[in-house]
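Taken together, the values in this text are just the output of simple stated rules run on the coordinates, not laboratory data. The shown structure was predicted, so the numbers you read here are calculated from the model rather than taken from an experiment. Note: ideal-geometry Cβ built from the backbone for every residue, glycine included; neighbour counts use all protein chains shown.
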Amino acid sequence: MYSKSEMLFGRAKQVIPGGVNSPVRAFKSVGGIPVFMERAKGAYMYDADGNQYIDYINSWGPMILGHAYEPVVKAIQEYATYSTSFGAPTELEIKIAELIVGMVPNIEMIRMVNSGTEACMTAIRLARGYTGRNKFIKFEGCYHGHADAFLVSAGSGVATLGIQSVPGVTATVAQDTLTAPYNNLPAVEQLVAENPDEIAAIIVEPVAGNMGCILPQPGFLEGLRQLCDANNILLIFDEVMTGFRLARGGAQEILGIRADLVTFGKIIGAGMPVGAVAGPKEIMEHLAPAGKVYQAGTLSGNPIAMIAGYTLLQTLNDNPIIYQQLQEKSDYLVKGLKEAFGSAGVVYSINQMGSMLSAHFAEYPIVDFSSASGANNELFKRFFHAMLERGVYLPPSAFESWFMSNALTTEDLDATIAAAKAAMNAIK
Ligand code: HOZ
């Protein structure tokens, strides 16, 4: 069933460290051989052996309208004939910047980069340059990309692989990263009190998606906002996952909380390599060449990525019904999963906001990294493989969020729910 994937993984391990170009996809946490994909269309991915899967990763978020969305594909094809990179400015960059500034609350300017990692790295540098302070606070299990300073108590692949401290990250770099448990406001207040006038920023995933999907508890983000205001600290929302997914204006819009800087990722490029940092002019104009906080990149604002993103974001902007449809589909799936798990008699905890969700097998609520780690992740592994065998592709780690696409039909959701019932009965 997976013979080509097995063969490809063997070949890949000879020339690519661990056989993959990003750790989570190696299936280390769930075991087995990673499935090598060949193509995808709409809600489905097809692997090298010809197996079809209903996709609940959607390239970790950006395929919100499904894979190979026709208008995006056409726009890329047209623009590729003009050139794949100029290394010089284009009008298209202004158009996408204007579009995003119109969609996202509390931002006036945006700087394009090439990944979410770069976006968060730039946001921290900018916060440090703007405030003249060195330290920042992040949350255990949150993942802001793989820049050195973020790899302290990180989620996603770092959590999946159980890496406690990353070789290559120097103590000097790590010492300016302070950490607190997600949803624990008193712990953040204590850090702020212990480091007066030293903290440049608090960076947070407003809905966490790198330790499974974890929702902010009532008052948590509001408390961070107040704490930042009272101590001249910048609040950075990492909206790499939530941006343009939870709403046109992302988590800021849906939760009604203002961030000082916002970071975005791959959805801005409709799945092409893009990231961005955005905020008010007063802060953003500290970036070079307007200011002295240096940041640069030949491929930043790359025309193919920009036209892909512009086409997708325009569709989202013009069709707010998409968000309602995504909500309905996600609610339907969650209801079905609850029935499937309930009738199998397994304890579970499903977190969901809009089209992000995850299932942990635990009898208590999953509110932070430690509760996520305490869940029955052995059962998740078996569930993952039982679903894969039944044609459903879930994130290959309990420390990741599931992402829905609007290409999913009721039939797909019913098939997923039926697969979950059969999978649970087979493994429990
Ligand atoms: N770090 C990504 C999810 N949080 C996974 C990236 C990948 O393997 O493609």
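Note: the stretch 154-210, Cα convex hull, 101 Å³ per residue. With N the number of residues in the stretch 352-392, Rg(Cα) / (2.2 N^0.38 Å) evaluates to 1.29. Shape analysis of the chain based on the Cα gyration tensor places the equivalent ellipsoid semi-axes at 32, 26, 21 Å, largest first.
Couplings for the stretch 253-264, taken from phi via the Karplus curve 6.51 cos²θ - 1.76 cosθ + 1.60 with θ = phi - 60°, read 5, 6, 9, x, 10, 8, 9, 7, 9, 10, 10, 10 Hz in order; Gly and Pro are left as x. The HN-Hα couplings worked out from phi for the stretch 212-219 by the Karplus form 6.51 cos²θ - 1.76 cosθ + 1.60 (θ = phi - 60°) are x, 9, 10, 8, x, 6, x, x Hz, whole numbers, x standing for Gly and Pro. For the stretch 289-428, take every pair of Cα atoms, bin their distances at 5 Å starting from 0, and report each bin as a whole percent. Histogramming the stretch 289-428 at 5 Å steps yields 2, 9, 15, 18, 15, 11, 9, 9, 6, 3, 2, 1, 0 percent. Summarised in one figure, the compactness ratio Rg/Rh of the stretch 166-304, Cα atoms and Kirkwood Rh, is 0.97.
Close amide H partners of Val392, meaning residues 5 or more places away or on another chain with modelled amide H under 5 Å apart, are Ile54. Candidates Gly155, Asn114, Val166 compared by Cα position along the dipole of the stretch 72-197: farthest toward the positive end lies Val166, with charges placed on Cβ. About its Cα centre, the chain has a charge dipole of approximately 800 debye under the convention of +1 per Lys or Arg Cβ and -1 per Asp or Glu Cβ, with nothing else charged. For each pair in Lys281/Lys335; Lys95/Lys338; Lys74/Lys329; Lys28/Lys74, compute the distance between the two Cα atoms and list the pairs where it is over 32 Å. In this structure, Lys281/Lys335; Lys95/Lys338; Lys28/Lys74 exceed 32 Å between Cα atoms.
In the stretch 33-151, inverting the average of 1/r over every pair of distinct C-alpha atoms gives 18.1 Å as the Kirkwood radius. The residues neighbouring Asp238, those whose beta-carbon lies less than 10 Å from its own, together hold a net charge of -1 under the Lys/Arg +1, Asp/Glu -1 convention. Database remark: amide H of Ala43 closer than 5 angstrom to the amide H of His67 (H placed geometrically; neighbours at sequence offset of 5 or more, or on other chains; Pro and chain starts carry no H). Size of the stretch 369-420 from its Cα atoms: along the principal axes, largest to smallest, the extents are 35, 21, 14 Å.
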